[in-house]
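Please read the structure below before turning to the comments.
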Amino acid sequence: MSSSSSSSSYVTNYPLISAFIAFAIAQSIKFFTSWYKERRWDFKQLVASGGMPSSHSSTVVALATAVGLQEGFGGAIFATALILASIVMYDASGVRLHAGRQAQVLNQIICELPAEHPLAESRPLRELLGHTPPQVVAGGLLGAITAAVGHLIMLAAGR
């Protein structure tokens, strides 16, 4: 495949586009929610992890849904995308959520250390790493809706 036809296939790759759009929507929701709550623009929210909705979940569910709608839900490609989505969502609400909670505890311990302690000046650990189950579910719903709307647009366009 030539590089020009390869690059044009990225532009028309419905599962890939669905995943990117779902990610962008989820991060945008966090960005505007942050502005609404704090009345200041926090551009870190455009790429930050954690929060409502889970962009990890929206991305992988959009990918799996789009693959299923395009290739069929009985094939190996959909099964692979579904397993990937399940692992990412489990990790987001399990391992990463608990790692963030541990970071909160460690940061509190460091704050209570005497000033002369070698760790007293340590940079705080990132606390917002994972997602609560409702954040994961909301992200998953956003991803499924994004892929379904994309599929309807593709059908209407005759592709």
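Applying 1/(1 + (r/R0)^6) with R0 = 30 Å to the Cβ-Cβ distance of ASN13 and ASP42 gives a FRET efficiency near 0.45.
Among 143-152, 30-39, sorting by the average number of other beta carbon atoms lying within 10 angstrom of each residue, highest first, gives 143-152, 30-39.
To one decimal place, what orientation-averaged projected area in nm² is obtained for the convex hull of the Cα set of region 61-101? Working shown, then result.
Details: hull surface 10.7 nm².
For region 61-101, the mean projected area of the Cα convex hull comes to 2.7 nm².
Readers should treat all values here as calculations from the given coordinates under stated rules, not as data from a laboratory. Since we're looking at a predicted model, the values are computed, not measured. For neighbour counting, all protein chains shown are included, and Cβ atoms are generated from backbone atoms with ideal geometry for every residue, glycine included.
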